[in-house]
1. Averaging over every viewing direction, what projected area does the convex hull of the Cα atoms of the range 236-344 cover, in nm²?
2. Could you give the accessible area per residue of the range 236-344, probe 1.4 Å, as a whole number in Å²?
3. Over the chain, with a Gaussian network built from C-alpha contacts below 10 Å, which listed residue (Thr217, Thr236, Thr340) shows the highest mean-square fluctuation?
4. Taking R0 as 22 Å, what FRET efficiency do you get between Glu246 and Ala296 from their Cβ-Cβ distance, rounded to the nearest 0.05?
5. Cross-chain or 8 or more residues apart, Cα under 26 Å: how many lysine pairs in the range 4-228 fit that? Count them up, please.
6. How much accessible surface area, in Å² rounded to 10, belongs to the heavy atoms of Val92 with a 1.4 Å probe?
7. Pull out a ≥ b ≥ c, the square roots of the eigenvalues of the alpha-carbon gyration tensor of the range 22-82, then state rounded if a/c is under 1.5, prolate if not and a/b is larger than b/c, and oblate in the remaining case.
8. What spacing in nm lies between the two simple spin-label points modelled at Asn182 and Glu331, each 7 Å away from Cα in the Cβ direction?
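The values are calculated or read from the model by the stated rules, or taken from the named source; none is laboratory data. From a predicted model like this one, the values you see are computed outputs, not experimental measurements. Note: ideal-geometry Cβ built from the backbone for every residue, glycine included; neighbour counts use all protein chains shown. For accessibility, only protein heavy atoms count, side chains too; no ligands or nucleic acids. Shrake-Rupley method; radii C 1.70, N 1.55, O 1.52, S 1.80 Å.
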Amino acid sequence: MANVRIEGVTKSFGEVEALRRVDLEIPDGEFLVLLGPSGCGKSTLMRIIVGLETATSGDVFIGNQLVNDLPPRERDIAMVFQDYALYPHLKVYDNLAFPLKTKKIASDEISKTIERVARMFELTSLLDRKPRQLSGGQQQRVALARAVVRDPVVFLMDEPLSNLDAKLRSAARDELKRLQRNVGVTTIFVTHDQVEALGMGDRIAVMDVGSVCQIGTPEQVYSYPANTFVATFLGTPPMNLIYCPEHILGFRPEHFQPKVLYGPEEDLAEFQYRVHRVEYLGNQRIVYGTLEGTMANMSGSDLVMSSLPDSVTYGRTLSDGKSYEFGVRREDLRFFDNDTEQGIESPSSGV
Ligand SMILES: Nc1ncnc2c1ncn2[C@@H]1O[C@H](COP(=O)(O)OP(=O)(O)OP(=O)(O)O)[C@@H](O)[C@H]1O
Ligand SMILES: [Mg+2]
């Protein structure tokens, strides 16, 4: 097992700057989620770590060893690719055996390992099939199993759950987390799904156009986003952002407090809010409305609020078109610089 360190990694494809000075340190045994929108450079970074792509500049260390010049097979990393990359002409069994054969492991040991891992991924009855005779989800399980049989020092997983349906996906998340805890292998898991990232990561590295903009625990990146991109990429609905003259004010939809529920001693930023529409989603209610009063004309004055479905004051009794008093606790307010959109401690003017 090993830690992974990435220092100042840059990658250009001609005009396209896919990675811009990326620094990341992943301690031994950590489950790090790399989260970001399509095209931000996640797969490129994975391919550089595994050795399939060469960085334009910068260094990759695995277990404190500089691996820039090591070919992929000498890096002892197992990668699950976005498109699985199974061998189409080989049966599932031989797909799983392939990495072990190249390590010159005895065939009876190979079959024991495959039997154990196939059971783990419920592939026992599929070992004689070829990849094209499998569903997308089954192929994905073969790709994961092939990574596990190798017993690597690092796992790289590039959107390994994207082809599973919602139910299987949630079961696979659980399975994968348990598996990683049991084997304790350093894992980098790529996704563009923020729910998956929040649920699975020991830490999350959030990427945007070739750069890592924040690294932290799920709680840190959700509660204290480093910039407005992170603030709105995480959370459904995303953080509300109000563009005030001197700063951007942010707060999460779940942090609306109805005035009728808080006491006079509480320190809240108060505002008047007109409700346009209440959406019932089963496990929550989403309210769409706008700010009224002095902040009504600022950009971002359309605010979204969320609440539990059975909360009387927060949804059930709110009527379309009516206006209500709400507040947000000062500790739940976040501030961002108007020009750089980076988080700031507190603005120069009051709220
Ligand atoms: N071989 C290549 N040649 C030219 N441009 C490339 C190449 N590979 C990637 N790119 C570009 O680099 C950028 C990053 O691509 P990458 O595949 O790393 O994104 P990603 O974050 O994995 O996206 P997705 O979530 O869609 O898989 C994109 O703009 C992409 O078009
Ligand atoms: Mg990708």
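1. Mean shadow area of the hull around the Cα atoms is 7.0 nm².
2. Values: 5660 Å² over 109 residues.
Using a 1.4 Å probe on heavy atoms only, each residue of the range 236-344 averages 52 Å².
3. Thr340
4. Working: r = 18 Å, r/R0 = 0.80.
That pair, Glu246 with Ala296, gives E of 0.80.
5. Summing the qualifying lysine pairs gives 18.
6. Around 0 Å² of this residue is reachable by solvent.
7. Details: a/c = 1.44, a/b = 1.24, b/c = 1.16.
Rounded is the answer for the range 22-82, as its axis ratio a/c remains below 1.5.
8. Each label point lies 7 Å from its Cα, and together they span 4.0 nm.
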